[in-house]
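Reading through the structure tokens given below for one structure.
Read the figures in this text as sums done on the coordinates, not as results from a lab. Just so you know, these numbers come straight off a predicted model, no measurement behind them. All Cβ positions, even for glycine, are placed from backbone atoms using ideal geometry, and neighbour counts span all protein chains on display.
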Amino acid sequence: MYVWHLAKYYGVIFVKLIVVTMISRKIFSTISLVVIVLFLAVTITPLTVFAQAQELTSTNFKILDPNIDSGGGAGDSASGDYSLLTSLANPTSDSRATSGSYAYTSGFPAGIMANVPKIICAETDTIAGSNCTYPNANGAQGECGTPGCYDRAKIEVDHQNNPVDTLYLVKLTADVTGTEYYLTTSHTIDTATPTVANNYMTICDINGIDGRTGSGCTPNTDWQSTNLRGLVPGTAYFVQVRALSGNFTETNFSDLSALPDFTTEYPSLSLDIDIADSSGSAAETNPEYVIDLGVLVSDIVQTAPNRIWLDMNTNSQTGMTTYVSDTYAGLNLTTGSGIIDSEDEDLDAPSGSPGGYGLKTATKSQTALGPILDVGTNFQKVGANEVGNLTTSPKGIFQTNTAGANQGMVNNGRASIDVKALVQAANKAGNYQDFIYFTMVGTF
Amino acid sequence: MDTKRLPNSTGVTITPAFTNVALNGSYDLVITNNGKSPVKVRLDAALFTASKSEPQLILIKSTDVTQSELNKRVSFSQSELTLEAGKSETVKVTYKQQTSGFFSGALVTVNGDLITQLNGKDQQVGINGQLASVIVETKLQIGDIPKIITRLQVQPVLGIGDVNLGSEVNLMTEILNGTEDKILTPSGRILGVSNNGQLVIGQQTLTDKLDGKIYPLQSKEVNSTISDTRPFWQRIGNTQYLQEVQLNGEKFYTQRTVFNIPWEIALGVLVIVGIIVVGTLLSKVFNQRRK
């Protein structure tokens, strides 16, 4: 077989040379002809040698469809020093390897699998020291408020050196029910069978950032903050991920953890009261909480030595409002009848009924999110002794909301309030008291 | 992987602060004392109303309804308890009676009775903290339906009025919650359908864009674009855009029709007209020269 091919090949070349010689003799000299003939011979003669199989069958084996090709042209080296002329078992050269309904993926090319990716972190309620790279300042509570995320979570996928265009599929399995969900491209979760269009994403799309060269990633701070949405509150989830890098190369899912990777919180509100002076931004005091105004001297505005400090935390995405109300709408005489009305006024220039009593917000802060805001000018007053009045109906004093760049959730929100009172000659002598209620309501 | 950590602050935490419970249903309210000393807690039934200006629930103190009347609407497995430091207690809350126009809930008062705290000397103010757990009944009643309005506007990206010369249309969805005591959880989609109701150009999912809730007397607007990828000869004529919005389990439909003249045809007509115009002009020029 080989000899026949070789003879046929050089036979063709010989005939070509004869023809060229015969044509050229009428035009060129003998020497020129020799040069031309040699030139043509060199150029026509192949520089490469084809390896031909001696036998396609033997007593031991039988190759039915060898599918020998040139490797699709991809074998030419950049230097030009060599060329790959043949490759065996190239699935793309066999029209039977793929169809609209199946793909035959065995063999060497299909063995080039993507690396199995890993989950770097999966968090809902961490504080500083989070395992996630983004965010890393205050953990998940810094993204969802305290005590953590109730319908969302943050995961980060480790690409394990897969190419930047590798696609990843994230699977969540709810503990107890075993329901399987897949992360969609809108970052919600769905039980529908995953598809490349709806569920497979790059590292950039999942993590919200991919700093590798060639990723073309436009960082998305939303997904860096939390990238699993629509989770069920109070539910434990396992997280797994698989990689797809080109056709036929999808990995298995990453290992299933022994314990759930994270548990979602519930919609929550936290409120703490502390009684301390103006330097008590970090003070923690125990109940019961009493503000002592001391002895009130006529016509002198008395600011209570201690402030009311409120710690307010919530994971409400829409925010919360803290209202304040009191029992008597003023300071009430403990024996007999008499009241120092709580009025919206500047106690340095009192008006209305004799004396006055009210609250003035002093400080507001938070570790993350929020911020804690005053509700209008109810208790945020300009004058040093200007106060907002207390009523038996709740009035907003602090809030978080989602207007503008504000975040509804808040992490370690803390605010302080001064209590001020003024007595005048017309007020009855005696001891006065009141009961103030701070009521925190979420808007989930 | 997720290391469970306590909230940073002390004080008292309640969960859930917001829950969907049907009438006669119940839920577990968990009250946690994060502080370092025991606290007394009292539970009361409460009513809340929605703010008309912003998504906000307001605690109301009704002079018309006594606390004993309120307690008929919501009941608790225990209404007073002492929480040791770092401990949680679970109270079963039962939603027994609806109050039209209001949301019911539980008011958790920390150190509820302060009368004994004050010693009657000087001027003293007792400070209480309260945390609200609000029940939101999501099921819409018949009377709620007319108060909910869903709108759909369809505007061709390239077109004149309702005539679409291109293959894309801008869609504007608006949902108005006119109820006073229902918080709507929306989801929805917009389908492009032919006259016989057959889906012809896929659908635009609204659910992700409607993320969040619609509070009483609030509205939400969503803008999106849908692309008709059919061959141009199939795009000729009317296409109906059917909006399906699901609000608390109830479906609301709105339909709009757009007449399509595919740009391929519009361009072809333009070319023919151009050839006629140019041809006419050239013939006139030649005729002028001949004269």
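Descriptive notes on the structure:
- Going by neighbour counts of Cβ atoms within 10 Å, the residues B:SER88, A:SER254 line up, fewest first, as B:SER88, A:SER254.
- Pairs spanning more than 32 Å between alpha-carbon atoms, out of A:LYS395/B:LYS72; A:LYS154/A:LYS381; A:LYS381/B:LYS96: A:LYS154/A:LYS381; A:LYS381/B:LYS96.
- Normalised by the number of residues in chain B, the mean separation of alpha-carbon contacts (under 8 Å, six or more apart) gives a relative contact order of 16 percent.
- Legend: ranking of residues A:TRP309, B:TRP233, B:TRP263, A:TRP223 from fewest to most surrounding C-beta atoms inside 10 Å; resulting order B:TRP233, B:TRP263, A:TRP223, A:TRP309.
- Lysine pairs meeting the criterion (Cα under 29 Å, 8 or more apart or interchain), as found in the range B:140-291: 13
- The value obtained for the range A:299-417, namely the Cα convex hull volume divided by the number of residues, is 119 Å³ per residue.
- Note on the range A:390-444: Cα-only Rg and Dmax are 17.0, 50 Å.
- Shielding by partners for peptide A:386-394, expressed as the average number of C-beta atoms from other protein chains within 10 Å of each residue's C-beta, is 2.
- Separation between Cα centres of the range B:128-193 and the range A:210-231, rounded to whole Å: 29 Å
- Degrees, to the nearest 10: B:263-290 long Cα axis against longest axis of chain B: 30 degrees
- Two-decimal log10 I(q)/I(0) for the range B:143-265, as the Debye equation yields it once each C-alpha is a single scatterer, q = 0.14, 0.15, 0.22 Å⁻¹: -0.59, -0.66, -1.15
- Listed values for the range B:104-109 are Karplus-derived 3J(HN,Hα) couplings in whole Hz (6.51 cos²θ - 1.76 cosθ + 1.60, θ = phi - 60°), namely 8, x, 10, 10, 9, 9, and x replaces Gly and Pro.
- Calculated FRET value between A:MET113 and A:THR185, using beta carbons and R₀ = 30 Å, to 0.05: 0.80
- Sorted by Cβ density within 10 Å, fewest first, the residues A:VAL375, B:VAL193: B:VAL193, A:VAL375
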